[in-house]
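The values are calculated or read from the model by the stated rules, or taken from the named source; none is laboratory data. Everything quoted here is computed from the prediction, not taken from an experiment. Here the Cβ positions follow ideal geometry from the backbone for every residue, glycine too, while neighbour counts run over all protein chains shown.
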Amino acid sequence: MIFRRYLIDRTASVWMVTALLIILLLPVLIGIALYLKSVPLFEIQSFASLVTSSVWLPAEGKFGFWPFISSSLYVTVLSFIFAAPVCLLAAVYLTQFASKKLIRLMHPVIDILAGLPSVIYGVWGVLVIVPLVGKILAPLLNISSSGYTILSGGIVLAVMCIPYMLNMLVEVFNTVPIGLKEASLALGATYWDTVKHVVIRKSYPGIISAYGLGLAKAFGETLAVMMVVGNRVQLTLNPFEAGYPLPALIANNYGEMLSIPMYDSALMFSAFLLLIIILIINIFFRYLIHKTKKR
C-alpha cells in the first residue's frame, strides 16, 4: 500500500514537471525556429538595418520593417488609450457599486464579447467604424480620409480588448479582502475614498498585469485590424492615414513568399519581431509589477 501511494505520487509529480517544462520550452522553441528561418535575410541586411529602414521593396531585395513596427505600435497604443480607462472605471463600478442584478447581466455579456471571433469585429469595423471615421470624424477636422486608417484600427482593437482586460480587472478587484474596506470605513473614510485609496491601491499589481497582458494581446491581433487599417506601407503620425501592422503583413503576403526571393525569410523575421516585442512588453510590465509590490 505504501509503495502504491509512493508510485502514484511520483508519477503525478513527473507528469506535472513534464507539463511545466513543455510550457516553458514552447516560446523558446518557437523563437529558435523563427530565428533559423530568418537567418538567410541577415546575409543581405543586418538586424539593425532591417529594423530601422523604411524602404520596403521586396522585388529588389530591400526589406525595411520600421513602417510595420511603427504602425503596430501606433495602433496598439491608441487602442490602449481608448480601452484602459473604460475597463478600469467599468471594473470599479461592477465590483464596488453595481447591483447584483446588473452584475448577473454583465458577466455573460462580457463573456460573449470575449468569445466573438475577430472577423466579426472586423466586419463591424468596416460597417460602422470606417464610415464613422471617414465621413464624420475626418470632415469635422477638415481632413480627407477614406476611413481605413490607424484610428479605425485603434478603435476596433480597443473594443476587442475591453472584455479581455475587463474580466481580469474584475477578478483583481474581487480579491481585495473585505476587511480592508471595513477598516477604512470604520476610520471615517467615505466609500469613494475607500475605493480610491484602499481597493485600487491594493490592486495596483493586478491592474498593471491586466494592462500588460491586454497590451501584448492587442499587439498581436491580426484579422480585425487588417480589415480596417488600410494596409499601406508608409511612415505617418497622422491617425487619419492608413498603416500596415506586422501581423497584417504576415497574413496578407504569406501566399506570395514562393515567388519572390527572401520573402519567406522576411515574413518569418516579421513573426520573430512580433515575438521579441511582445516579450519586451511582458518583461517591462513584470518589472513594473515587481517595483509596485516592493512599495
Taking the condition free of Cβ contacts under 8 Å to residues at least 12 places away in the same chain, β-branched (V, I, T), within 30 Å of P239 (Cα to Cα) and in contact with a Gly (Cβ under 9 Å, 6 or more places away or on another chain), does V55 pass? yes
Of everything in region 18-52 that's in contact (Cβ under 8 Å) with a residue 60 or more places away in the chain and within 29 Å of N238 (Cα to Cα), which residue is surrounded by the most Cβ atoms within 10 Å (Cβ to Cβ)? L50
Need a quick list: helices (runs of 4 or more DSSP H) entirely within region 29-132 having at least 2 residues that are over 22 Å from G220 (Cα atoms) and either touching a His at 6+ places or on another chain (Cβ under 9 Å) or hydroxyl-bearing (S, T, Y) (or both). 66-96
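Within region 239-285, how many residues turn out to be in a helix (DSSP H, G or I), of a type in the set (V, I, T) and under 16 Å from F63 (Cα atoms)?
Result for region 239-285: 1.
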Any residue in region 66-90 that's under 10 Å from G243 (Cβ atoms): show its pairings with residues that are of a type in the set (G, A, S) and surrounded by fewer than 20 Cβ atoms within 10 Å (Cβ to Cβ) at Cβ separation under 8 Å, as long as the two are six or more apart or on different chains. P67/S54
Out of all the residues in region 169-182, which are part of a helix (DSSP H, G or I), among the hydrophobic types (A, V, I, L, M, F, W, C), surrounded by 13 or more Cβ atoms within 10 Å (Cβ to Cβ) and modelled with pLDDT under 90? L180
List pairs: first in region 203-226 and closer than 29 Å to V176 by Cβ and aromatic (F, W, Y), second at pLDDT below 90 and in a loop (DSSP other than H, G, I, E, B), Cβ under 9 Å, 6+ apart or cross-chain? Y204/R295
Quick check on region 136-168: of everything there that is part of a helix (DSSP H, G or I) and more than 26 Å from the chain's Cα centre (by Cα), which residue is surrounded by the fewest Cβ atoms within 10 Å (Cβ to Cβ)? L140
